[in-house]
Each structure stands twice: as C-alpha cells, then as structure tokens.
Amino acid sequence: MDGLDIAVTTLLWVLEILAIAVPVALSVAYITYAERRVIGFMQARKGCNRVGPHGLLQPLADGLKLFLKETIIPAKANKFLFVAAPVIALTPALIAFAVVPFGETRLFGLWDTPHVMSIAHLNVGILYVMAISSLAVYGVLLAGWASNSKYALLGAVRATCQMVSYEIAMGFSLVCVLMLAGTMDLSGIVHAQEGGFWHWYIIPLFPMFLVYFISGCAETNRTPFDLVEGDAELVAGHIVEYSGMWFATFSLAEYAALILISLMTSILFLGGWYAPFPFLDFIPGTFWLLGKAAFFIFVFIWFRATFPRYRYDQMMRLGWKVFLPWTLAWIAVIGIFTYTPGLQDLIAFYQPWR
Amino acid sequence: MIEAFFFYVFALMSVVAGAGVILARNTMFSVMWLIFCFFNAAGLFFMLDAEFLGIILILVYVGAVMVLFMFVVMMLELNKAKLREGFLQYLPTGGMIAFILMIEFIAAASSGVFSNEAIMAVGHLGKEVNNTVEIGKMLYTQYLLGFEVAAIILLVALVGAIVLTLRTRDDVKYQNISRQVNVRKEDRMKIVKVKL
C-alpha cells in the first residue's frame, strides 16, 4: 500500500462519514421544525410560521441563535467534564450510524453484485449498535454530575436507572430477531426479510416490535419517558446549566438517537430497504428505508403530543415487570417453535438459515 | 506493520489508563480512566479478530457495569487523602500480590504457548469464519455444563441480591395496578335518588 492508496482510502472514508453525518445534522434541524409544526397541528395552533415561507427557515434561525449565545459555565462546576459531557453524548449517537445499512446499490449498473450501503460492514452489527447506544448514558450522567447542581444530578440519576432498565428489554427483544434471522449482521437481517411485507419480522414478533420501539422511546428520553428532564419537577434535568452551543449539542445527540432508533426499528422489524410488495421494487430501497424511518419519527412526535409523562415508579414497573417478562416469554416461544417438530414448519418461513 | 503499530497503541493506552485509575485524584476520573482502559482492551480483542468479545466487553462492562459504578461513585463523598492513609500498611500485601502476578506472567510468557512460532502458526482466519458462530457452537456443545453452572450461579446471586434488599413495609400504601385498571364504573359509583 503506497502513499497514494492510503490518501485515496482516507479521502473515501472522510466522504463516507460526511455523507452520513451531514444529512443526520440537517435532518435533526428539520425534525425539530416538523415536531413544532406537527404538535402545533395536533394542538390546533399554528406552530412556527414566521421565519421564511411556512417558517421553513426557523431551524436555521434557531441554530444561529444558539451559536451566538454565550456559553455559561457555572463557577463550581467541574469545568473539564462540563465541557466534555455534550461531546461524550454526541459521539456515540453519531458513530452508531457507521453500521446502519442504508440500502443496496449497483451504482447504476457499474457493479455486477449489489453492494450494501454502510460505512462499516460488521458481522456483529446489531451488537455494535447496542453497545454504542448504551454509551449515550455517560453524556447525561457526566453532565448531571459536572454541573454541580441538585436538579442536574437528580436528572442524571433518573437517566441512569431508566436507560439501564430499558436496555435489557431492548436487548432481549433483539434476541428474538436474531433467533429468526440467524445472523447479527444488519444487512443479513434485512436480507432475511426479503420479498413482501408478509416476510417482515413485525408479523411473528409483533410484541417484540412494540417492546423495542417503546424501549427506544425510553432510551432516548422522549415523552412519555422524559422524566430525565421532567420540566415540571427538575427544570430541565441534566441540561439545566447548559446554554448556547453546548445545549444544542445535547439536543443534536437526542435527535440523532431518535433517528437511529427509527432506522433500527425499520431495519429489524419492517424489512429495511425492501418494498412492502415486490412489484414496488422500482422505487430505490433507500427511499423505502428512509420513508419507514420518517414514519417512526412521526410516531415519536405523535407520542409527545398525545401521552402525559409516566410517574417514575410506573415507568420502572413497565420496564422490569411488563417488558422483561414479555421478552423472556417470547424468546421461549420462538425457541419452542424452532425445535418442536410439528411447529417448526410454521416458523421456518421466517428462518432463512434452515 | 500497521497491526503492530495499533497493538502498541492499544497496549500502551490500556497501561496508561490502568495507571490513571489508581493515580487519579478524583474518583470520578478514576472511573473514566477505567472506561478508557476497557475501550483499549476491546481494541486489543479486535486486533485478535475476536470482535464478538470486544463488542461484548464494551456492551457489558462499559455500557452497564461502569454506569452503575459511576452511579455509586457519584453518590459517595470520597476523601482521597483519607483513602491514602493506609497506604504503607497495605503496601506489603499489595506488593506481594503484584510480585506473584508478575512471576505468573513471566512463567506464562516463557512457557512456549505465546512464543513467536506458536502465534505465527495461528494467523488470521478467513472472512468466512464468524467467531460469534464459533463461540456459540463451543459454548453450547462442548462447554454446555460449565455454561449452565455459571448461569445458575449468576441466577442465585441475582436472587440473593433481591432477597437482601427486599423489604416489605406495612406502613406504606401500595397500589395494585391491575386492580386499578380493572375497576369498573359500577364498583365505584352508584346512583342515589336524592329526595328534594
């Protein structure tokens, strides 16, 4: 490998990373816009409609405002961790996108075999996403601790309990997907669901789909699980002392995680980039995947406009006493179906590894 | 070449991080050094083509165990100066353990298992070998008994931890959620004719 080769490879990597990070940042900006408009519509009011046509420039104005605001660091805060925490929160949210397969392409017939569009093709992709998204809690935890404020600390404590609890249910619901797909490779999981919506894992795993999506909602601290920043009792939880750009970094991380959960739900349960009917295959797969993810993002916003916040003990109960037994029972159900002679044929349809 | 370079980076970083754990003044930073150390250890696993172990190390230790560590440390008022008081007292015991460990390491290194030839012979396996599958096959066939014993021990520990912390209090009113949900209008309300 000579110098030129290394330079070209590095350049390609940089381009690949930018091709994902820039759209993520832009879609975060416009998800905040969509959120305000959609919630406005649901609450029978206008939402932002002043800056630009239909308020479309509002996210840019918000970004500019946050960028120009002064960043205040509390005097008694641990300065290093206070500044590091938003970065620690954002990093896992972005690097988890490295393994997300955005579709398959032949590059307009240039390649003979379709290539999966993802930066890294890991054969433990699903575990990678789990591991990286479990790091998101550090940003919240460190922000809460470094702020040296009681509300921030309480928010961080709540966040830890919540994220650790829901991660377990989330992991077990993924085990069911793995038992059907027989691979941990994300593109392999999508391939296992090829050929119309009756192959999608939402059908045999409907309860797990609900568990995964709701746990994802809890992991990203969205309403109705936003006790971390419950503004009625904790002001804003871990972000109470942050202002300006550092505050924006936290919301960037939160929305990036939201996009990731939506993409993962589409990939794991809704056939990723495949069309619901094979005759619709002429529309590129990436559009299908992004469309499905966009629908889930809408559902997250819909949740926010619909549900009141959980009480803390009820939320812990939901995680440990409802979701965990559900997922364990479903693992047992799938296992029994897989290895009982009479029932095997029912589930073999969804198990391409047979 | 590039592999050796990355090995030295990860190895050096994990040693530095390990030293950081015991030398950091703030316990919070100790925990962070330990997290960093785990990341580098995971990097070493990746170098050995053991991506499953590397990812699991991050998922379990960094993603769950260290979060709880940090959680506890956050709650504690730790005085480092006080912690260092007994340093000389514990030095002989600690030093002895370190010495024994060092002898063990040297013995293992010189036993021939890790000799250059033995390591060269292993090399990198092809892309078609999926170590998740291989570990699964070994774990659930050859080492099934050990696996089950470990699982039972963990289960006992789990139940034990719950038993130790479980207290039922009689002076607190608990809500029975299924009863609350199952309440019908007829249970709570009745229509009374009021004489006017």
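What follows draws every value from the coordinates through simple rules; no lab data is involved. What you see is a predicted model, and the numbers here were worked out from it, not measured in a lab. Glycine gets a Cβ as well: all are built from the backbone with ideal geometry, and neighbour counts include every protein chain shown.
Computed about its Cα centre, the charge dipole of segment A:196-354 is approximately 380 debye, with only Lys, Arg, Asp and Glu carrying charge at their Cβ. The fewest-to-most ranking of B:GLU148, A:GLU35, A:GLU219 by surrounding Cβ atoms within 10 Å reads B:GLU148, A:GLU35, A:GLU219. According to the square roots a ≥ b ≥ c of the eigenvalues of the Cα gyration tensor, what is the shape class of segment A:1-68, taking rounded for a/c under 1.5, prolate for a/b larger than b/c otherwise, and oblate for the remainder? Prolate, since a/c reaches 1.5 and a/b exceeds b/c. Note on A:PHE97, A:PHE349, A:PHE67: ascending count of other Cβ atoms within 10 Å places them as A:PHE67, A:PHE349, A:PHE97, the fewest first.
Long hydrophobic helices in chain A, taken as whole DSSP H segments with a C-alpha length of 30 Å or more on their own axis and mean Kyte-Doolittle hydropathy at least 0.5: A:3-42, A:150-181, A:244-269, A:285-306.
Counting only lysines at least 8 places from B:LYS137 when in the same chain, those with an alpha carbon closer than 25 Å to its own are B:LYS127. Sorting the segments B:167-179, A:299-311, A:121-133 by their residues' average number of neighbouring beta-carbon atoms within 10 angstrom, most packed first, yields A:121-133, A:299-311, B:167-179. Averaged over peptide B:54-60, the number of partner chain Cβ atoms lying within 10 Å of each residue's Cβ comes to 6. Each of A:VAL14 and A:TRP111 was given a label point 7 Å from its Cα along the Cα-to-Cβ line. The distance between the two points is 2.3 nm.
Put simply, the amide H of A:GLU104, placed in the peptide plane, has neighbours under 5 Å in A:MET117, A:GLY285, A:THR286, leaving out anything fewer than 5 places away on its chain. Annotation: for a label point projected 7 angstrom from Cα along Cα→Cβ of B:GLU148, residues of segment A:334-353 with backbone N closer than 19 Å are A:335-336, A:339-340. What's the angle, to the nearest 10 degrees (0 to 90), between helix B:66-75's Cα axis and the longest principal axis of chain B? Value to nearest ten degrees: 70. Note on B:ILE22, A:ILE203: ascending count of other Cβ atoms within 10 Å places them as B:ILE22, A:ILE203, the fewest first. Between the Cα long axis of helix B:27-47 and the first principal axis of chain B there is an angle of about 60°, rounded to the nearest 10.
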